[in-house]
Every structure is written in C-alpha cells, then in structure tokens.
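In what follows, a single structure is set out as structure tokens and then discussed.
The values are calculated or read from the model by the stated rules, or taken from the named source; none is laboratory data. Because the structure is a prediction, the values reported are computed rather than measured. FYI the Cβ positions are ideal-geometry reconstructions off the backbone, even for glycines, and counts take in every protein chain you see.
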Amino acid sequence: MALAAMMLSCSGSGSGPGSGTISAPGITESWPQWGHDAQHSGAVSIVGQAPSKILVDIVYDPFVALAQAEANGALITHYSTPLVDGSDVFMEFKTGTYVSCDPPGSGVPFPCGPDAWNSQIWNVKRLQWNSNALLAVWTFQSDWKPEPNAGGWLGGWEPVFHPALTKDSVYVPGAGGTIWKVDRTSGKAQNLDPFGTVVDSNTYVAGPITVDSNGNIYYNVLKLDPANPWGCCSTGNSDYVDIPQAWLVKIFAGGAGTAPSFNMVSYKTLIAGAPSTCNAAFTDNATLPWPPSPTAVPGTRPCGSQRPPVNIAPAIAADGTIYTVSRAHTPYSTGERYAYILALNSDLTLKWAASLRGRLNDGCNNDDGTFVGSVLPANGTPGGCRLGSTPGVDPATNEMPAGMADDDSTSSPAVAPDGSVLYGAYTRYNHDRGKLFHFKADGTFLGTYDFGWDSTPAMYAHDGTYSIVIKDNHYDVGSYCFDTTACPAAPPGPYYITQISPDMTPEWHFKSTNMDACERNPDNSVTCVPDPAHQNGFEWCINAPAIDVNGAVYVNSEDGYTYVIGQGGTLVARSFTNLAVGAAYTPLALGPDGKIYTQNDGHLFVIGH
C-alpha cells in the first residue's frame, strides 16, 4: 500500500548480470545479501525454476497476527532477504514476546505494539536442504534491537534486521553498533566492535549489511537521543533535539587469524554545504488548497545534522566507489526533503554529493490545466493547487519538489552496469508515489522516473546495454493531502511492474489484472472469489525484484501470487502462496539451482519444480 494508507492502517538473449556485477567473495551463483550483490543489481547468472509448486513453507515470524491487529490488518514489518548459497539458506527468525496494546491499535498501555517491539528477539538460522526438506542446522540469537518507534515517529514501520553472507561467515547486526561474525559451519560467533566501548543501548545498526568483492563489510549506525530519538518538537523549534551521531562503518576483511580493523566516517562531516535551516511544509488543512497563496511560505525550522535513513543498504560499485544516502534529522516531513546521494572513496572520504532538491518541476499545474508534465489537475479544481499557484511547485512547500529519503522505506542505492547510480525517493505530491533518481558515476544528474515507492530497482544487462526494473503502483490516495474535499482519493491502480531504459523511457509494463481473492484450504486446494475492492488488480508487494539470466523478472504481489514475467512484459508463470493484502514489502531471492525464495505474512516459501 501507499505510505499514507499504510500509516493509517500500512526476452532477449541474456548475457547475465554484466561486467559491473559484484558478488560476495567465494560466492558466485547464490544470493548473499540485499539485492543479491554489492551493487544491489538483483540479477543472477542462472535460469530460475518454473514455479510449479510450493516445496517448503516455514514460519519465521510468529507475531504476524498480533502486529496486523495493531495496524488495522496491515503488516508493516520489514523483513530480510533469504540468503542462499549451495544447499544452505540463512534466514531471520523471530522469538521473544510481542506486547499487544489493549485494545490493539490504541497505543495503550504505553509502551505496547510498535512501541514495544524491542521485546522481540532476532535470530539467524542456518537451514540446509536434506532431500526435499529444509532443516535447521544451528540458530544464532542476536542482541540487536530496532530503532524505537517513539510513540509513532516511525509510523509503526518496524526497521529491517538484515545479515549478509560470505564464503565462511554470516555477518549479523548486533547491539550498540556492533556486528557479529558468525561461522557459517558451526554457528560460533565473534563480536566486532568498531567503537571499542561498553555497548550503548541508544546506538543502532541501521539497515542491511553490504559485503564487497573483497569481503569488506559496510553498514550504517545511528546514535539516538534516548528521550527524543527523532528530534520531534511539540511546539515550534524550542524543544528540537539533534541526532547525537551517525556513521558509515567499514570493516576490513582479514585472513585467518587476522584481527579485524575498522574505519568509519561521521555523516555530520560529509556534506559541508548542508543547510542549517530547512523550509518546512504546510500542515494546516484549514488553509487548503495549498499553497495557501502564490507567495506563501511554510516557515522554517532547524535542519539538524545529516544522517542515513533508517533502512538504507550502502552499495559498492565495480571501481570501489561507495554509494549511500543522507538526510537531515529534522522530523515533520522536513528533514527528509533535504536529502543527498553520496559517493565516497574506498577510504570513506567524500567523492561527491548530489542533492535531491531542485531536480523536479512537475508539481502544481496552471489555471487552465495545460502545464506540460504536471502530475496534478488544473489549479482550482479538486486535487489541484490553489488558483494562481506557480506551475511546477510542490503544493505542500510552494517550492520545487524534493526527493525525500524516508525512514519508512527500504529503498537503497543501486549501481547500474555502466557505473551510474539510481535511488528511489519518496514524493508525496504525486499521489504518494516516488521518483527514481538517476545520476552518472561523476554525480551528473540524468533524470527521474515516477514509480510506486519503497523499491530498490533491479538491473538486467543485455545486448551491450541494460534495463531497469521497478515497481510502478498507483495508489488510491489524494493527490497531495489527506482532506477528501481538497484532494479526493484517486481510484485504486493500475499496478505495474515496469522496465525502463537507462534514459528512463519505459520499455514495457506488466499490469496486475487478477481480480480474485484466493485462499488456500486445509487440503491445499485454492478457492478464489471475485473481490470488489480489487477490480483494478492488486498492488505489487516487492521492494527488491529478482532477474534471471534470460531477463525473467520475479516479483511477489498482494494477491498472494509470486509472478515470473518475461521480457516484453508477458506472463510466464505464477504460483499462489496465500492472500497477502496489507502485507509488508518483502524481497525475494533466487537460489543457485533456480529455486525461488519468497515471503508472505511471516512465512518463507520455497517454490520450484
């Protein structure tokens, strides 16, 4: 679902991933980390299996029903990618307890529900194929905890816990910004602490771990203020609290018996020109339609320091360039509008920083509705801006729209085979969708493409070029606000998986056309009935697609099916797991033998023939 809705509720002859793709050391035909490789290409050099049947169904999150009850039936928990190599599968499993609110969704007695998610325990299991069964070999219990929701500042979106795999080890997020190096054979663990101090419970490993081709480890760390972690200011700016610190950490790979070494850089120091004062956004519905006047300004507030979004995975290019994303700490939809793509050298010094501001000009229309490129109807009409508004501006800020780096998203940078970098930012004014930003390897801005938010694009290298695959949902929300008079909700859909060229031109769309709600029965049969709420299809519920050597695209949908889409946008096959309306945005993986590892409502499904 769209961000606002979720918060209120939730063929070509392929040449493989291409010369730019990097896998983790010692692992080639496998899926060892977020987006498959250090570039997050989502591409493998094998052919995926036909999804003929469900081979395995394992529950890894026993708290799904309780979490859904807190969010009006939605599941707004981010989950990790199944990590697959040979006959081994490494997957997140939850234990501990879930503290429900009374009644669910009420937020009381505080802390409960999303505000008590640290009562859960995050584990990694090593599973191994034995004939047709996937059996547990060992379980490692991590001391990692997610960043606090703090009474709703993360909108109830549970941050992602995400390990990474190398030939010999599984690297697992730990407490206090530390990482556990777990021997993949025995499950024995060594704690790697770049801070060398007593573990600080207010310091968090934030987002997935990335491993480069040399086995070096990269991850983000947030140190939060315990009383005011997200800098929220109840009245004006007087009680705003900045983030104490945020780092990008690099752990250098060492040989057997070699002690680990560390390097880190503070996000606060990376962007010398980042502003200290940020323009805010209009929030008073009494002044709708926005902007309240052609010259209105929403005021300012302290930007706070730069830091990474909560769920960002750094990406590493073939030349060793490190890509990450940064945003200002200020809350209230302010700091996320002051965001940058960062390119770092291997020693963590800044190569370049590209702002996501000042790139867009497709907001408000004009009074006769003829402004080319606008995503909004004519000024003065329902869903449009106020009469006389400046064409192109974001109605919520009365300035050119900004790409937002949102804490509720798992969208991460992806490096294309030509070394350029893409990042999917959130943009509220275009019906709660987003913009996929594209920059050259030197930081030159190349363009954007509207997409369906919270998605890391996948890359299909072919015929001396490449294509980009992205989720392209259209949401049934108001254009730029939540007032149903000023911003009537759009109809639901259409919902597409879209492939675009490097110049951001669509090559094909695959539209969701299923209108039936299906359910798996105890005897394993499937019953389907027409669903009036989904007469324009179901949302694509994927935040990191997979692509095989032939360019077949593997994605999951809220209708409960896992789809295989061929080049040209044709349906190759699909396989039903179970209905997943309102389920979390989840990634999938392809194993070295082509099996499909997908997720649905806290279940790991393995699908193949």
### Message
Restricting to the range 136-193, give me the number of residues that are under 22 Å from GLY86 (Cα atoms) and within 22 Å of the chain's Cα centre (by Cα).
### Response
7
### Task
Could you tell me whether any residue of the range 366-378 is on the phi > 0 side of the Ramachandran plot, assigned to a loop (DSSP other than H, G, I, E, B) and either aliphatic (A, V, I, L, M) or surrounded by fewer than 24 Cβ atoms within 10 Å (Cβ to Cβ) (or both)?
yes
### Task
Could you give me the residue pairs with C-beta distances under 6 Å whose first residue belongs to the range 586-609 and is within 14 Å of TYR561 (Cβ to Cβ) and among the charged types (D, E, K, R), whose second residue is assigned to a loop (DSSP other than H, G, I, E, B) and at pLDDT below 95 wherever it lies, and which are 6+ apart or on separate chains?
ASP601/ALA580; ASP601/ALA583
#### Entry: Matching entry among LEU360, LEU348 (being surrounded by fewer than 23 Cβ atoms within 10 Å (Cβ to Cβ) and assigned to a loop (DSSP other than H, G, I, E, B))
LEU348
### Query
If you take the residues of the range 242-293 that are assigned to a loop (DSSP other than H, G, I, E, B) and of a type in the set (Phe, Trp, Tyr), which of them is surrounded by the most Cβ atoms within 10 Å (Cβ to Cβ)?
TRP290
### Query
Going by the conditions given, is TRP230 of a type in the set (Phe, Trp, Tyr), out of contact with any Asp or Glu (no Cβ under 7 Å at 6 or more places or on another chain) and within 27 Å of TRP153 (Cα to Cα)?
yes
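Per-residue answers, yes or no, for (1) touching an Asp or Glu at 6+ places or on another chain (Cβ under 7 Å); (2) modelled with pLDDT of 95 or more; (3) buried (at least 24 other Cβ atoms within 10 Å of the Cβ); (4) charged (D, E, K, R):
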{"site": "SER411", "(1), (2), (3), (4)": "yes, yes, yes, no"}
{"site": "TYR429", "(1), (2), (3), (4)": "yes, yes, yes, no"}
{"site": "GLY434", "(1), (2), (3), (4)": "no, yes, yes, no"}
{"site": "ASP454", "(1), (2), (3), (4)": "no, no, yes, yes"}
{"site": "PRO457", "(1), (2), (3), (4)": "no, yes, yes, no"}
{"site": "LYS471", "(1), (2), (3), (4)": "no, yes, yes, yes"}
### Top-ranked residue of the range 375-427 - restricted to ones that are under 26 Å from the mean Cα position of the chain (by Cα) and of a type in the set (D, E, K, R), ranked as farthest from GLN33 (Cα to Cα)
ASP394
### Query
Would you call SER346 in contact with an Asp or Glu (Cβ under 8 Å, 6 or more places away or on another chain), more than 29 Å from LEU154 (Cβ to Cβ) and among the hydroxyl-bearing types (Ser, Thr, Tyr)?
no
### Query
Name the residues in the range 433-490 that are of a type in the set (Val, Ile, Thr) and part of a strand (DSSP E or B), would you?
THR448, THR465, ILE468, VAL469, ILE470
### Task
Could you check how many residues of the range 121-150 are touching a Ser or Thr at 6+ places or on another chain (Cβ under 6 Å) and either hydrophobic (A, V, I, L, M, F, W, C) or part of a loop (DSSP other than H, G, I, E, B) (or both)?
3
### Task
Return the total of residues in the range 490-539 being under 22 Å from the mean Cα position of the chain (by Cα) and at positive phi.
2
#### Entry: Matching entry among ALA50, ALA74, ALA67 (being within 18 Å of ASN578 (Cβ to Cβ) and in a loop (DSSP other than H, G, I, E, B))
ALA74
### Task
Search the range 335-357 for residues that are closer than 16 Å to ALA414 by Cα and pair each with any residue that is basic (Lys, Arg) when their beta-carbon atoms are under 7 Å apart and the residues are at least 6 apart or on different chains.
ALA343/LYS351; LEU344/LYS351
## Note on the structure
Of the residues in the range 259-287, those that are among the hydrophobic types (A, V, I, L, M, F, W, C) and within 21 Å of TYR426 (Cβ to Cβ) come to ILE271, ALA274, CYS278, ALA280, ALA281, PHE282
### Task
Sort out which residues of the range 260-279 are closer than 12 Å to LYS250 by Cα, in contact with a Leu (Cβ under 8 Å, 6 or more places away or on another chain) and modelled with pLDDT under 95, and write them in order of number.
PRO260
### Query
Got at least one residue in the range 98-120 being in a strand (DSSP E or B), of a type in the set (S, T, N, Q), buried (at least 20 other Cβ atoms within 10 Å of the Cβ) and modelled with pLDDT of 95 or more?
yes
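Which is part of a strand (DSSP E or B) and touching a Ser or Thr at 6+ places or on another chain (Cβ under 6 Å), of ALA343, ALA313? Reasoning before the result, please.
Numbers: ALA313 fails: part of a strand (DSSP E or B).
After applying the criteria, what remains is ALA343.
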### Residues (of a type in the set (S, T, N, Q) and over 30 Å from TYR240 (Cβ atoms)) located in the range 318-348
THR321, ASN345, SER346
### Query
Just wondering, is there one or more residues in the range 86-96 that are assigned to a loop (DSSP other than H, G, I, E, B), at pLDDT below 95 and among the polar types (S, T, N, Q)?
no
#### Entry: Pick from the range 294-309, criterion over 26 Å from the mean Cα position of the chain (by Cα) and surrounded by 19 or more Cβ atoms within 10 Å (Cβ to Cβ), ranking: modelled with the lowest pLDDT
ARG301
### Task
Would you confirm whether any residue within the range 42-56 is among the hydrophobic types (A, V, I, L, M, F, W, C), in contact with a Leu (Cβ under 7 Å, 6 or more places away or on another chain), surrounded by 23 or more Cβ atoms within 10 Å (Cβ to Cβ) and farther than 17 Å from THR586 by Cβ?
yes
